[in-house]
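First comes the structure, then the notes that go with it.
The values are calculated or read from the model by the stated rules, or taken from the named source; none is laboratory data. All figures in this text were calculated on a predicted structure; none of them were measured in a lab. Only protein heavy atoms, including side chains, enter the accessible area calculation; ligands, DNA and RNA are left aside. Shrake-Rupley method; radii C 1.70, N 1.55, O 1.52, S 1.80 Å.
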Amino acid sequence: MVVLAASIISKSGKALVSRQFVDMSRIRIEGLLAAFPKLVGTGKQHTYVETENVRYVYQPIEGLYLLLITNKQSNILEDLDTLRLLSKLVPEYSPSLDEDGVCKTAFELIFAFDEAISLGNKENVTVQQVKQYCEMESHEEKAHKLMMQSKINETKDVMKKKASELDKMRMERGKIDKGGYSSISGPRVIEKTFSDMSITGSGFGSGSGLGGLSMDMDSFASKPKGGRPSAAATAPGKGLGMKLGKTQKTNQFLESLKAEGEVILEDVQPSSVQSRASPLPPTDPVTVTIEEKLNVTVKRDGGVNNFDVQGTLALQVLNDADGFIQLQIENQDVPGLSFKTHPNINKDLFNSQQVVGAKDPNRPFPSGQNETPLVKWRIQGMDESSLPLSVNCWPSVSGNETYVNIEYEAAEMFDLHNVVISIPLPALREAPSVRQIDGEWKYDSRNSVLEWSILLIDQSNRSGSMEFVVPPADPSTFFPISIGFSASSTFSDLKVTGIHPLKDGNPPKYSQRTRLVTANYQVV
């Protein structure tokens, strides 16, 4: 069989959409379409008309005709099967079956026709498959966009935290100036506040008021419940003494955040921040970062396809003079744990005493703003019982609706921050109906993804659930489920217990940051 063209025309023969599958001039196809209404008789039961050269196979759709033009040697039964498939596709892409509605969705209809017919021959596809091919979904693209959105959200949190911190310091300086202290005490107050909040970076002297600063995300990933708007954002103090150069811009930034509906929270008390992590002030000459990344693939029916933990110990030294050091570390004895050291690290010393030191003691560790990875490790062979977070999805079709129940269960070993569970959905015209949820949800209509967010999972909410309803869909549509979170402890529990100087003098002060993050965590 050879389909010459698939078209949608009006009762008068006006071509609205036409896709030709063989070489054919515009004059010829317009002539064939214009001649069709004259050939259609009234009161006839059949749905095809033949001429000397071609056969018209058609089906009325309200005030229009869906029309196939084929050669006379084609199989009429296959032609009718092709016509039935196209008649199901047209309402999917053109909800309004009139001239305006068809013209607005002309390109979508042409793309759908191309998936159903190839070189004049019908493809063995269903309506659902055609829709899937036309959507051109990419799980890699979704994962990339989710990662980028997560970074954007983290940056916004940092900006809000910094703005609130700066305004609070401005209020504290105002109170001190009123109490009769000299303006010299201003910088001391700033230094103490920055020390308490455990902010690392190059300080205000690095350019803009916010650009030179970076904050340990784990130290404030858990915001206190019931936070209230900052007093500095609502009632600025009067008669301020010494001011920062960016005070006016900071106020404008706060006002813009408030205008967008953001709530500026009071800063967390330093003691509660330091209870989760204990990084030291930015003046500390040495910073140690311990990070583990999870690569996990869990089967939807139970079991683990892949469970891989990769860790890194990185060192940042600000000055060359402080680089003549050795790090004493310790870790838990975890089955399947294997270490790998940098080529310039003394492997014998590390294996015998768990000391990280350079092969050449006269050569310091690299200094500067960049971190240098010194030790890497990997944990393999763990089973499903060691998963930090388990997610189960139960879709069930009932009538014209699909009910989806999702539940999570977190292990006791970790408190998880900024948890985002992303569930792919079928193409929807409106957001799904969420009936019940522990946490918050957001629907990404462009990528057709439902994001379930839990700010913190700790002893108070080790398990939770969500239920939503969508139109009928295949259960496999809701997989793979992507999961993202972070924690302030690791599987290996590796930590630096002390620093040994290689030259005379006291060991330099150091700060230590520990975090567990997800690189790829999916339920398939």
Practice item. Order His139, His342, most accessible first, counting only protein heavy atoms with a 1.4 angstrom probe. Key: His139, His342
**Study point:** Residue-normalised accessible area of the stretch 94-159, expressed per residue, 1.4 Å probe, Å²
**Key:** 65
**Study point:** Debye intensity ratio in log₁₀ form over the Cα atoms of the stretch 3-135, taken at each q of 0.10 Å⁻¹
**Key:** -0.28
Point to revise | Accessible heavy-atom area order of Ser96, Ser385, Ser448, highest first, probe of 1.4 Å | key: Ser385, Ser96, Ser448
Check your understanding: Excluding ligands and nucleic acids, what accessible area in Å² is computed for Glu412 using a 1.4 Å probe, to the nearest 10?
Key -> 120
Review point. What is the Cα convex hull volume of the stretch 385-487 when expressed per residue in Å³?
Key: 94
Point to revise | Ile152 accessible area, 1.4 Å probe, all protein chains in place, Å² to nearest 10 | key: 80
Practice item. On the full set of protein chains, 1.4 Å probe, figure out the accessible area of Lys376 and give it in Å² to the nearest 10. Key: 110
Exercise for review: Compute the Cα gyration tensor for the stretch 462-524, then decide on rounded, prolate or oblate, letting a ≥ b ≥ c be the square roots of its eigenvalues: rounded whenever a/c is under 1.5, prolate when a/b is larger than b/c in the other cases, and oblate in all that remain.
Suggested key: prolate
Practice item. Any chance you could check the Cα centroid distance between the stretch 405-455 and the stretch 321-348 for me, in angstrom? Key: 39
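Roughly to the nearest percent, how much of the accessible area of the stretch 85-146 is carbon and sulfur, given a 1.4 Å probe?
Exposed carbon and sulfur together represent 53 percent of the surface.
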**Study point:** Fraction of accessible area attributable to carbon and sulfur, the stretch 385-487 (%, probe 1.4 Å)
**Key:** 46
